[in-house]
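Have a look at the structure below, then the notes.
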Amino acid sequence: MAIYVLPLLLLAVAAVLGLVVSRGTATDGNGNARPDTRPLALPPVEAPDAGTPPCTQLLAALPPTLPASPAPLPRLALRPPAPTGAAAWAGPGGGDPVVLRCGLPRPAELTPTSALIVINGVSWLDLSQPDRDTFIAVDRPVYLAVTVPRGLGTGPVQTVSDIVRATLPANAK
């Protein structure tokens with residue numbers, strides 16, 4: 001079953017991208033692009049631990065905005081029925097959102113020899129694609145993924161790393 005995690009995650013990301021593209025670009029009264037803060041529909045993905053206390057605590061600690069380039073990203077409401085364990089922040093001008101999913105199954109790509117990167121004290125498995133960076137936190141009591149569209153900088157994953165480190169204890173070695 002674990003071998004299907006990445007394809008399911010990629011399918012979910014593709015579905016999110018399709019939904020976001022259909023949302024269009026919001027503008028202010030002067031015609032300038034601004035984040036589209038309408039509720040976002042996120043497709044469900046397998047997340048058996050999404051309703052557990054670690055995910056609930058993490059979601060409660062997430063900020064209303066994430067730092068990004070060229071401007072901070074406001075958190076989006078999720079359109080019902082919102083998947084448990086998920087959060088999203090608006091991309092600039094109605095672009096692709098930053099999406100966090102908590103409670104995912106162990107990724108099949110995680111092996112004893114997997115190269116991990118440490119960002120602000122959290123170990124991440126990098127499953128990035130050409131148009132987006134996807135990181136899976138692998139050293140906490142639950143697996144969680146953060147997908148950041150390219151061009152937004154490192155602020156979103158650094159901020160999430162800080163919150164993960166402060167909210168979820170690292171697994172014992």
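Which far-off residues, 5 or more places away or on another chain, put their amide H under 5 Å from the one on Ala41, with H placed in the peptide plane?
Long-range HN contacts for Ala41: Arg79.
Starting from 0.36 nm per residue, how many nanometres of slack lie between Asn120 and Gln57 once their C-alpha separation is accounted for? Intermediate results must be reported in sequence, preceding the final value.
Values: separation 63, 0.36 × 63 = 22.68 nm, distance 1.89 nm.
Fully extending the segment from Asn120 to Gln57 adds 20.8 nm.
Can you give me the accessible area per residue for segment 74-168, using a 1.4 Å probe, in Å²?
Working: 3590 Å² over 95 residues.
Counting only protein heavy atoms, the per-residue value for segment 74-168 is 38 Å².
Can you work out ³J(HN,Hα) from phi for every residue in segment 149-155, in order, using Karplus 6.51 cos²θ - 1.76 cosθ + 1.60 and θ = phi - 60°, giving whole Hz and x for Gly and Pro?
My calculation for segment 149-155 gives x, 4, x, 8, x, 9, x Hz in order.
Rounded, prolate or oblate: pick one for segment 119-161, where a ≥ b ≥ c are the square roots of the eigenvalues of its C-alpha gyration tensor, a/c under 1.5 means rounded, and failing that, prolate if a/b is larger than b/c, else oblate. Write out the running numbers ahead of the final one.
Working: a/c = 2.48, a/b = 1.50, b/c = 1.66.
Since a/c reaches 1.5 but b/c is at least a/b, the shape of segment 119-161 is classed as oblate.
Quick check: net charge around Ser128, other residues with Cβ under 13 Å of its Cβ, Lys/Arg +1 and Asp/Glu -1?
Computed value for this residue: -2.
Taking the dipole about the Cα centre of segment 126-173, with the C-beta of Lys and Arg at +1 and of Asp and Glu at -1, give me whichever of Thr167, Ala145, Gln129 is farthest to the positive side.
Thr167
Roughly how big is segment 96-168's charge dipole about its Cα centre, with Cβ charges of +1 (Lys, Arg) and -1 (Asp, Glu), in debye to the nearest 20? Walk me through the numbers before you get to the answer.
Details: 6 positive and 7 negative charges, 34 e Å.
That gives a dipole near 160 debye.
Can you list the residues, at least 5 places off or on another chain, whose amide H is less than 5 Å from the amide H of Leu110, using H built in the peptide plane?
Those qualifying (amide H under 5 Å, at least 5 residues apart or on another chain) number zero.
Applying a 10 Å radius around every beta-carbon, put 75-81, 104-110, 41-47, 134-140 in order of their mean neighbour count, most first.
On the way: 75-81: 13.6, 104-110: 16.4, 41-47: 19.1, 134-140: 22.0.
Sorting 75-81, 104-110, 41-47, 134-140 by mean packing, highest first, produces 134-140, 41-47, 104-110, 75-81.
Using label points projected 7 Å from each Cα along Cα→Cβ, tell me how many nm separate Leu78 and Gln129, to one decimal.
So the label points at Leu78 and Gln129 sit 1.9 nm apart.
Where in segment 141-158 does the amide nitrogen come within less than 20 Å of the point 7 Å from the Cα of Ala108, taken along Cα to Cβ?
143-146
The values are calculated or read from the model by the stated rules, or taken from the named source; none is laboratory data. Model, not experiment: these values are computed from the prediction. FYI the Cβ positions are ideal-geometry reconstructions off the backbone, even for glycines, and counts take in every protein chain you see. What goes into the accessible areas is simple: the full protein's heavy atoms, side chains included, and nothing from ligands, DNA or RNA. Shrake-Rupley method; radii C 1.70, N 1.55, O 1.52, S 1.80 Å.
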